[in-house]
Amino acid sequence: MSSFADEVEYKLQAVKATQLGPDEIDTTFRPACIGTSTDTSFDELDLVSAGLGGKVLGYSDQWFAEAANLLTPTAPIRQPGKMVYTGAWYDGWETRRHNPEEFDWVVIRLGVASGTVNGVEVDTAFFNGNNAPAISVEGCFSDNDDEVVSWKGGRGKWETILDIRECGPSQRHGWNLNEPTGKQYTHVRLNMYPDGGIARFRLFGHAVPVFPEDKDAVLDLAAAQNGGIAISCSDQHFGSKDNLLLPGRGKDMGDGWETKRSRGKDHVDWTIVKLGATGYIQEFVVDTAHFRGNFPQKITVHGLSWQGEGEPDFKSKGWVETVLPSKTGPDQEHKFASAVVDVPFTHVRLTMIPDGGVKRFRAFGKRAV
């Protein structure tokens, strides 16, 4: 517990959380994808990432640097000597000095319909002498953005996710909740005591989809926003498998899934996606946006109705070919009708022949309700 907690009148519930060192954050929440690993204790998303659709709705102040920078998916950068109207340029959120309130705050709507939280990261990279001394995180569940923003720095209906924790200069700070939140949230508020700068804010957890009442609605059941999770892959040297399930078509090759160049005969690369809900898939979309000289020569898609323990891997029995090996081209969406529409799949597997890059992967179908 931080000494700040004793001095602040706005009291928060005590939360048990394990502090992580800078080198432990990725291994805890974002481990590398190796071979057929399907350890689903590592299926957390950054629920507030701008790439997923997270959005800043309000803030107390952003005089020196915009709060929206907190949600940038990529690591913060530095440009020494670059000056702007307000002073030195920083890739993060920075508020004025001498805040008369107990803390500065920023309200964020999650990029998913709702989610449960496992951990928090606050990165003060390059903020040295002007970094946030301490932070806390609160959450709420609401369908009214305006009401949530109206609470500003007040109590409102906020509930504690992480109580006050100290931060040091220019460093990644992580906390793994001893018990993930049982409640799901739609919004969070990051509090900074009393003012200063933070480069990035990550909220690791699990998406909890909110499906339409219409049982015949056709949805992208692979989408991260609908609870889809890329649980394993053969390789992700240049780009993460998790990017496949993000909304939109991205901005460049950096936010897709890309593997190393292969040299062996009969090589393929693959990723397995656990659908957000068991469903009857009608159509797959494989998007090679921005991959113009490194798209796969061909792709194939398989589906699986998994009833076993744990999660399936590449060699699990029961995979059914739903898209035959099919050619792909550069920088375009490829639509493939599923050859199997009467089997409820829990997982789908995208295979690139022999390797390359894919920006997005969609699996459109109806839930097996």
Check your understanding: Which order, highest average first, do 126-134, 258-266, 352-360 follow once you tally other Cβ atoms within 10 Å for each residue and take the mean per peptide?
Key -> 352-360, 126-134, 258-266
Review point. Considering the dipole of the chain built from charges on the beta carbon (Lys and Arg +1, Asp and Glu -1) around the Cα centre, which of Gly250, His302, Gly168 is farthest to its positive end?
Key: His302
Point to revise | Globularity ratio of segment 219-367, using Cα Rg and 2.2 N^0.38 Å | key: 0.94
Point to revise | Simple label model, 7 Å out from Cα along Cβ direction - Gln19 to Lys327, nm | key: 5.9 nm
Exercise for review: Determine the dipole magnitude for the chain: charges of +1 sit on the beta-carbon of Lys and Arg, -1 on that of Asp and Glu, nothing else is charged, the reference point is the Cα centre, and the result goes in debye to the nearest 20.
Suggested key: 1100 debye
Check your understanding: Relative contact order of segment 4-207: what whole-number percent is it, with Cα pairs under 8 angstrom and at least 6 residues apart?
Key -> 34 percent
Check your understanding: Tally Lys and Arg at +1 and Asp and Glu at -1 over the other residues with C-beta under 10 Å from the C-beta of Gly51: what net charge comes out?
Key -> -2
Revision key, fill the gap. Helix-only [θ] at 222 nm, the chain, -39500 (n - 2.57) per DSSP H run of 4+, per residue, nearest 500, equals -1000 deg cm²/dmol
Check your understanding: Which entry in (i) 21.7, 66; (ii) 22.7, 72; (iii) 22.1, 85 is this structure's computed Rg and Dmax of the Cα atoms in Å?
Key -> (i)
Review point. Which of the residue pairs Lys16/Lys157; Lys16/Lys315; Lys274/Lys327; Lys157/Lys215; Lys274/Lys359; Lys251/Lys315 have a Cα-Cα distance greater than 28 Å in the structure shown?
Key: Lys16/Lys315; Lys157/Lys215; Lys251/Lys315
Practice item. Can you check what the net charge comes to around Trp151, using other residues whose Cβ is under 13 Å from the Cβ of Trp151 (Lys, Arg +1; Asp, Glu -1)? Key: -1
**Study point:** Sequence ranges 268-276, 233-241, ranked by mean other-Cβ count within 10 angstrom, highest first
**Key:** 268-276, 233-241
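No lab work stands behind these numbers, since they all come straight from the coordinates. Just so it is clear, the model here is predicted, and its values are computed rather than measured. Counting neighbours? That spans all protein chains shown, and the Cβs are built from the backbone with ideal geometry, glycine included.
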